[in-house]
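**Q** Next up is a structure, given as structure tokens.
The values are calculated or read from the model by the stated rules, or taken from the named source; none is laboratory data. Worth saying up front: this structure is predicted, and the values here are computed from it rather than measured. Ideal geometry is used to build each Cβ from the backbone, glycine not excepted, and the neighbour counts take in all protein chains shown. When the accessible area is computed, the model is the full protein with side chains, heavy atoms only, and any ligands, DNA or RNA have been set aside. Shrake-Rupley method; radii C 1.70, N 1.55, O 1.52, S 1.80 Å.
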Amino acid sequence: DVVMGGVSESSMEASGENVVFKGIVRTENNGGFASMRTRNVDPALDLSGEAGITLRVRGNGMRFKFLVRTETGFDAVAYASSFDTKDGEWQEIDLPFKDFIPVFRAKTVTGDEAKPLNTKNIVSMQVMLSKFEYDGALNP
């Protein structure tokens, strides 16, 4: 959010075998998301032999997004899948690759830019809490 002028805050901390993501989403200055994202990995991950990604999360009852990217540009098209969490409960969340949709800044991408997700070339991953779901609709 800060990279786009917003004032939301987030942090990530390793805790044993877990990673703790904390964030505060604030809407001042047209802000509205908090996230954590990996650096680009090289070589890219080849997940073509997998049906999707499974996350083990303990959430806060809100809807999050998990995003992957196949291009190294910081502001590249991402592929997103939303998931709901239960407050304070551990869950295993299965995110099938077939359900990921191409997005750019919370807007679905269509036309030539909406290439199918290339699971042979995953270069980064991201978890996000956003005030928006997709295409201007508010996150439920």
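**Q** If I filter segment 16-45 down to residues being among the basic types (Lys, Arg) and assigned to a strand (DSSP E or B), which single residue comes out as modelled with the highest pLDDT?
**A** So, considering only residues that are among the basic types (Lys, Arg) and assigned to a strand (DSSP E or B), the one modelled with the highest pLDDT is Arg37.
**Q** Here's something else I'd like to know. With the requirement that a residue be open to solvent by 80 Å² or more (accessible area, probe 1.4 Å) and either at pLDDT 90 or above or of a type in the set (Lys, Arg) (or both), what does segment 58-69 give you?
**A** Within segment 58-69, Arg58 is the sole residue that qualifies.
**Q** Do we have Gly52 as of a type outside the set (A, V, I, L, M), within 26 Å of Ser15 (Cβ to Cβ) and touching a Pro at 6+ places or on another chain (Cβ under 6 Å) here? Step through it out loud before you land on a result.
**A** Numbers: of a type outside the set (A, V, I, L, M): yes; within 26 Å of Ser15 (Cβ to Cβ): yes; touching a Pro at 6+ places or on another chain (Cβ under 6 Å): yes.
So Gly52 fits the description; yes.
**Q** Consider Thr72 carefully, then state whether it is open to solvent by 60 Å² or more (accessible area, probe 1.4 Å), at pLDDT 95 or above, touching a strand residue (DSSP E or B) at 6+ places or on another chain (Cβ under 9 Å) and of a type in the set (Val, Ile, Thr). Reasoning before the result, please.
**A** Working: open to solvent by 60 Å² or more (accessible area, probe 1.4 Å): yes; at pLDDT 95 or above: no; touching a strand residue (DSSP E or B) at 6+ places or on another chain (Cβ under 9 Å): yes; of a type in the set (Val, Ile, Thr): yes.
So Thr72 does not fit the description; no.
**Q** Looking at segment 75-100, which of its residues are in a loop (DSSP other than H, G, I, E, B) and open to solvent by less than 30 Å² (accessible area, probe 1.4 Å)?
**A** Answer for segment 75-100, where residues must be in a loop (DSSP other than H, G, I, E, B) and open to solvent by less than 30 Å² (accessible area, probe 1.4 Å): Ala76, Val77, Thr85, Phe100.
**Q** What are the pairs, 6+ residues apart or on separate chains, where a residue within segment 20-40 that is over 21 Å from Arg69 (Cβ atoms) and of a type outside the set (Phe, Trp, Tyr) has its Cβ under 6 Å from a residue that is surrounded by fewer than 12 Cβ atoms within 10 Å (Cβ to Cβ) and at pLDDT 75 or above?
**A** From segment 20-40, the pairs are Val20/Glu13.
**Q** So in segment 101-140, with the set limited to residues that are touching a residue at least 40 places away in the same chain (Cβ under 8 Å) and within 14 Å of Gly52 (Cα to Cα), which one is surrounded by the most Cβ atoms within 10 Å (Cβ to Cβ)?
**A** Going through the qualifying residues, I end up with Ile122.
**Q** Further question on the same structure: Taking Ala34 as meeting all but one of (1) surrounded by fewer than 19 Cβ atoms within 10 Å (Cβ to Cβ); (2) closer than 19 Å to Met12 by Cβ, write down the number of the exception.
**A** (1)
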